[in-house]
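Please read the structure below before turning to the comments.
Rule-based calculations on the coordinates, nothing more; no lab input. In this text the structure is predicted, and so the values were computed from the model without any measurement. Cβ atoms come from the backbone with ideal geometry, glycine included; neighbour counts cover every protein chain shown.
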Amino acid sequence: MTKAHYKRIVLKLSGEALSGDLGYGLEPKIIKSIAQQVKEIVELGVETAIVVGGGNIWRGKVGSEMGMDRANADYMGMLATVMNSLALQDSLENIGVETRVQTSIEMRQVAEPYIRRRAMRHLEKKRVVIFAAGTGNPYFSTDTTAALRAAEIDAEVILMAKNNVDGVYTADPKIDPNATKYDELTYMQVLNEELGVMDSTASSLCMDNELPLLVFSIAKEGNIKKAVLGEKIGTIVKGK
């Protein structure tokens with residue numbers, strides 16, 4: 001049996017990754033593809049937690065720009081992540097992967113409240129745990145949620161799956177044809193060069209807790225498995 005490079009991981013999915021070419025909402029074939037890729041790594045024995053964004057449904061920043069109270073707009077974004085998490089849970093369980101959704105905002109009718117020790121117990125039992133509703137606080141992104149939860153559950157790495165880019169570049173490759181991809185970066189480079197890999201709060205949290213981050217493309221099937229096997233894909237961010 002192929003041996004995984006990591007025992008416990010946090011997979012960070014943007015909301016846009018679930019919308020595919022639609023650019024909004026949920027694309028069923030994309031969700032099924034992601035679920036199948038997650039099943040592959042679970043079968044390798046990898047303890048898998050997932051954080052999903054909500055940008056395919058609602059962005060708090062857009063709401064605040066429309067004149068909404070920022071906190072209310074962010075809470076709406078948190079609810080969008082719950083919708084995405086439930087959709088992903090359903091897809092995973094349809095292919096036989098036992099899954100639990102834990103939310104930072106209590107909604108017991110649809111999901112468990114986030115409890116660190118319970119989450120770790122689920123992972124030990126090889127259940128996939130999906131962390132929804134962000135940190136439960138406005139002004140914090142789901143990138144920060146991924147960094148926080150990864151530190152809390154002692155994950156070895158954060159796998160940041162992108163649907164429109166295969167790593168971190170010196171500039172936006174869609175705009176600048178001369179942009180080059182980094183194979184490896186430090187968190188200080190990310191912060192100093194404002195590369196936009198994650199927000200500064202998330203980057204600092206990862207750096208302080210010595211949590212490596214692998215940025216790669218989810219557009220190509222099988223990349224999640226390649227990432228957990230330690231193959232050279234995307235861009236690895238670590239160290240100071």
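To the nearest 20 debye, what charge dipole does segment 123-240 have about its Cα centre, counting +1 at the Cβ of each Lys and Arg and -1 at the Cβ of each Asp and Glu? Write out the running numbers ahead of the final one.
Working: 13 positive and 17 negative charges, 106 e Å.
Its charge dipole is roughly 500 debye.
Net charge within 10 Å of Cys206 by Cβ-Cβ distance, Lys/Arg positive one each and Asp/Glu negative one each, not counting Cys206 itself?
Result for the neighbourhood of Cys206: -2.
Would you list the P(r) distribution for segment 101-240, with all Cα-Cα distances sorted into 5 Å bins from 0 and each bin expressed as a whole %?
In whole percents, the pair-distance histogram is 2, 9, 17, 20, 20, 15, 9, 4, 2, 0, 0.
Would you list Met198, Met76, Met66, Met107 from fewest to most Cβ contacts within 10 Å?
Details: Met198 26, Met76 17, Met66 8, Met107 14.
The order, fewest Cβ neighbours first, is Met66, Met107, Met76, Met198.
Scan the chain and note any complete DSSP helix (H) whose C-alpha atoms cover at least 20 Å along its axis and whose Kyte-Doolittle average is -1.0 or more. Please report the intermediate quantities before stating the final value.
Values: long enough: 28-42 (21 Å, 0.24); 70-94 (37 Å, -0.03).
Those that clear 20 Å and a mean of -1.0 are 28-42, 70-94.
Applying a 10 Å radius around every beta-carbon, put 127-134, 201-208 in order of their mean neighbour count, most first. Numbers along the way, then the final one.
Numbers: 127-134: 26.8, 201-208: 19.8.
Put in order of decreasing packing, that is 127-134, 201-208.
Given N residues in segment 8-237, what is Rg(Cα) / (2.2 N^0.38 Å)?
Working: Rg = 16.5 Å, N = 230, 2.2 N^0.38 = 17.4 Å.
Taking the Cα Rg and dividing by 2.2 N^0.38 Å, one obtains 0.95.
What is the fewest-to-most order of Phe216, Phe140 by other Cβ atoms lying within 10 Å of their Cβ? Don't skip to the answer; put the middle values down first.
On the way: Phe216 23, Phe140 20.
Least to most surrounded, the residues fall as Phe140, Phe216.
What's log10 of I(q)/I(0) for segment 132-213 at q = 0.16, 0.24 Å⁻¹, Debye sum over Cα points only, no solvent?
Values returned for q = 0.16, 0.24 Å⁻¹ are -0.64, -1.23.
Once the other residues with Cβ under 12 Å from the Cβ of Gly196 are scored (Lys, Arg +1; Asp, Glu -1), what is the net sum?
Around Gly196, the charge tally is -4.
Mind checking which of Ala147, Ala179, Ala35 has the largest fluctuation in a GNM of the chain, springs on alpha carbons under 10 Å?
Comparing Ala147, Ala179, Ala35 in a Gaussian network model of the chain, the most mobile one is Ala179.
Using θ = phi - 60° and the Karplus relation 6.51 cos²θ - 1.76 cosθ + 1.60, list the HN-Hα couplings for segment 46-56 in order, rounded to whole Hz, with x at every Gly or Pro.
Working through the residues one at a time gives 7, 6, 10, 10, 10, 10, 10, x, x, x, 6 Hz.
Note down the nm distance, to one decimal, between modelled labels 7 Å out along Cα→Cβ at Thr201 and at Glu106.
Label-label distance for Thr201 and Glu106, simple model: 2.3 nm.
Dipole magnitude of the chain about its Cα centre, charges +1 at Lys/Arg Cβ and -1 at Asp/Glu Cβ only, in debye to the nearest 20? Intermediate values should be presented prior to the final figure.
Details: 29 positive and 31 negative charges, 156 e Å.
Approximately 740 debye in magnitude.
Given a cut-off of 20 Å, what percent of all Cα-Cα pairs of segment 42-143 lie beyond it?
On the way: 1986 of 5151 pairs.
Within segment 42-143, distances greater than 20 Å cover 39 percent of Cα pairs.
Add +1 for every Lys or Arg and -1 for every Asp or Glu among the other residues with Cβ under 14 Å from the Cβ of Phe216, and state the total. Please report the intermediate quantities before stating the final value.
Values: positive: Lys12, Lys162, Lys181, Lys220, Lys225, Lys226, Lys232; negative: Asp166, Asp183, Glu184, Glu221, Glu231.
Net charge in that neighbourhood comes out at +2.
What order do you get for 186-192, 78-84 when each peptide is scored by the mean count of other beta carbon atoms within 10 Å, highest first? If you can, show how the numbers build up before the last one.
Details: 186-192: 16.6, 78-84: 23.0.
Listed from highest to lowest mean packing, they are 78-84, 186-192.
Which of Gly20, Gly167, Gly63 ends up with the largest GNM mean-square fluctuation for the chain, with Cα atoms connected below 10 Å?
Gly63
Would you work out if segment 91-179 is rounded, prolate or oblate? Take a ≥ b ≥ c from the square roots of the eigenvalues of the alpha-carbon gyration tensor; rounded if a/c is under 1.5, else prolate when a/b is larger than b/c, oblate otherwise. Don't skip to the answer; put the middle values down first.
Working: a/c = 2.21, a/b = 1.82, b/c = 1.21.
Prolate is the answer for segment 91-179, as a/c is 1.5 or above and a/b outweighs b/c.
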